[in-house]
Amino acid sequence: MSYLGKDIRLSRLLNDKSGHLLAITVDHSISRGIFENLMPIDDVIAKIVAGKPDSLTMHKGIAQNCFAPFAGKTSLILKASSFSPYQPTMDTQTADVEEAVRLGADAVSMGLILGGEFQPQQVYALGKLTKEAERWGMPVVAHIYPKGEFIPTDKRTSYENLRYCVRLGAELGVDVIKTSYSGSAETFAKVVEACPTRVVAAGGDNFADPKAFLQQTRDLMDAGAAGVTYGRGVWEYKDPTRMVMALNCIVNDDGTVEDAMTVLNG
């Protein structure tokens, strides 16, 4: 069954040309503490939007206070949960679908940390959110990672665990599922294969070398990813606008790493 409201919002969320998603997240301060590179947040958002991402992900207070000047220039994804530095394996709901509608968002987003003590509560919350979102015609994005305390650190990017994450999201009705990168195009293709809806990848910690970061992005797209949802790799780069433009070159224009590096270097 097709719902017009959801179709309209998805059309605004995804890139007109490619159908992919280049989303930039600025939702980190609750979960990880204060980042100097996210201050002042108005200026950071302006630099990101200048590169023309498909969407920005943020919490409701930042959207309420900072997003209005950028309305119509990019889509808004309302982040509706967060973990914290004190309970890093428990994402707690902080907003709902009605708030996303009021703020003009084109999607609502929830995080889950699987493989830990708090998995049941988070899965229950996601199931409730997707039900509510369907009633409002609101797409759902879920950030799902196998980082619970029951999973060894060296297994948290294994394709087997990532496959479980994306399939769980699909089983619960999520429209776009964000998870970690498995480390190679070959293994990430197995992650994508396990999921009948859109899979996008987080940036992770591989952004100290811009070329390696762009190569990761190219590998993800070659593996069949529907796009990327990056944060620190963009706004911790010396020129966030140029980094978004370079990522656009790969995600939405199907460019090579060399093409993207040319854009990055101006």
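Computed from the coordinates by the stated procedures, all read-outs in this text should not be read as laboratory data. Computed from a predicted structure; not experimentally measured. Note that we place each Cβ from the backbone using ideal geometry, even for glycine, and neighbour counts take in every protein chain shown.
Tabulated data for the structure shown
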read-out	value
Karplus (6.51, -1.76, 1.60) ³J(HN,Hα), θ = phi - 60°, over region 250-258, in Hz, Gly and Pro reported as x	8, 5, 10, 10, 6, x, 7, 4, 5
Cα-based radius of gyration of region 189-243 once divided by 2.2 N^0.38 Å, which approximates compact folds	1.18
DSSP beta bridge pairing in region 1-97, given as percent antiparallel to the nearest 5	20
Rounded if a/c under 1.5, otherwise prolate or oblate - the chain, Cα gyration tensor axes	rounded
Within-11-Å neighbourhood charge of Thr157 [Cβ basis; K, R +1; D, E -1]	0
Value of Rg to Rh for region 129-168 (Rh from inverse mean 1/r over Cα pairs, i.e. Kirkwood)	1.15
Theoretical gain in end-to-end length, Asp7 to Ser31 [0.36 nm per residue, Cα-Cα removed]	5.6 nm
Candidates per trypsin sites (Lys or Arg not before Pro) in region 56-98, loop by DSSP, up to 16 other Cβ within 10 Å	Lys73
Region 162-174 - phi-based ³J(HN,Hα) in whole Hz, Karplus 6.51/-1.76/1.60, Gly and Pro as x	5, 4, 4, 4, 6, 5, 4, x, 5, 4, 9, x, 6
Amide H contacts under 5 Å for Thr92, placed H, 5+ residues apart	Ser82, Phe83
Cleavage-rule hits (chymotrypsin sites (Phe, Trp or Tyr not before Pro)) in region 29-128: DSSP loop, at most 12 neighbouring Cβ within 10 angstrom	Tyr86
Sparsely packed trypsin sites (Lys or Arg not before Pro) within region 1-57, loop by DSSP, other Cβ within 10 Å at most 10	Lys17
For the chain, share of DSSP beta bridges that run antiparallel, in % to the nearest 5	5
Candidates Pro210, Pro88, Pro40, ranked by Gaussian network fluctuation over the chain, Cα under 10 Å, top entry	Pro40
Among beta bridges that DSSP assigns inside region 36-184, antiparallel share in %, nearest 5	10
Cut-off under 5 Å, modelled amide H: who pairs with Lys178 long-range	Ala142, His143, Ile144, Val200
The chain: calculated mean residue ellipticity at 222 nm from DSSP helix runs of at least 4, using -39500 (n - 2.57)	-12500 deg cm²/dmol
